[in-house]
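The values are calculated or read from the model by the stated rules, or taken from the named source; none is laboratory data. Owing to the predicted nature of the structure, the values given are computational and were not obtained by experimental measurement. Here the Cβ positions follow ideal geometry from the backbone for every residue, glycine too, while neighbour counts run over all protein chains shown.
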Ligand SMILES: C[S@@+](CC[C@H](N)C(=O)[O-])C[C@H]1O[C@@H](n2cnc3c(N)ncnc32)[C@H](O)[C@@H]1O
């Protein structure tokens, strides 16, 4: 198996990306519908982490035509496509690593992420979820749709395999690579709670794709 850097992986596949997600990735099409339904009705400012080409924004913009979106993504080619997809929309784009980008404090009514968090360790996700929590206004929420592991056993196995591959290929732990290490539902809920969210729940699941909602208060 060839290990690819995160941005190289997506830049190489950008042209076929949307059709792949909509037609080949189980649960995605329905996930986009569900996440749009869950964005709170009074949402004005939305943070979208790993926004890619903005597939999740299509139905969200249908519901909130005047929404202001800040989208963060590591792959410039994906953001270029997003800009072409939504030329008239109020979107600020940041090309960067969401583990490093400053989101600010109490700025957003809602934060979302779609199919982007399943490459990272629980420790790094915990730090990120704390940062997301801080960026949200009181009574706002974070909604995550992601690929999940079947159970803790599978989660541990996938992390151990990834660790082994990094060692074999001499890849440092801070290099962003495209390798699937999904967490199971229990780990996800524990991380949201540890990050300071007042309430967290899994609202939907289709096979290995799940949607979680974590409320600030
Ligand atoms: C599978 S795509 C999902 C894109 C979009 N959310 C969607 O559902 O179509 C994952 C995206 O996450 C981005 N990504 C992965 N790790 C990232 C990181 N650490 N910081 C910012 N973006 C990241 C990738 O560049 C890619 O565009």
If you check residue 101 against the conditions, is it closer than 13 Å to residue 47 by Cα, surrounded by fewer than 21 Cβ atoms within 10 Å (Cβ to Cβ) and out of contact with any helix residue (DSSP H, G or I) (no Cβ under 8 Å at 6 or more places or on another chain)? yes
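Give the residue that is surrounded by the most Cβ atoms within 10 Å (Cβ to Cβ), with candidates limited to residues of the range 81-92 that are more than 11 Å from the ligand (Cβ to nearest atom) and within 18 Å of the chain's Cα centre (by Cα).
First, the residues of the range 81-92 that are more than 11 Å from the ligand (Cβ to nearest atom): 83-84, 86-92.
Next, only the ones that are within 18 Å of the chain's Cα centre (by Cα) stay: 91-92.
Working: 91: 22, 92: 9.
Checking each candidate, the answer is 91.
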Look through 161, 123, 201, 155 and report the one residue that is exposed (fewer than 15 other Cβ atoms within 10 Å of the Cβ) and farther than 25 Å from residue 47 by Cα. 161
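From 129, 142, which residue is under 14 Å from the mean Cα position of the chain (by Cα), modelled with pLDDT of 95 or more, within 15 Å of the ligand (Cβ to nearest atom) and outside any helix (DSSP H, G or I)? First the steps, then the outcome.
Working: 129 fails: outside any helix (DSSP H, G or I).
From the options 129, 142, the qualifying one is 142.
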Which pairs do you get when a residue that is under 24 Å from residue 175 (Cα atoms), found in the range 97-110, comes within reach of a residue that is more than 13 Å from the ligand (Cβ to nearest atom) and not in a strand (DSSP E or B), reach meaning Cβ atoms under 8 angstrom, with the pair 6+ apart or on two chains? 103/134; 103/135
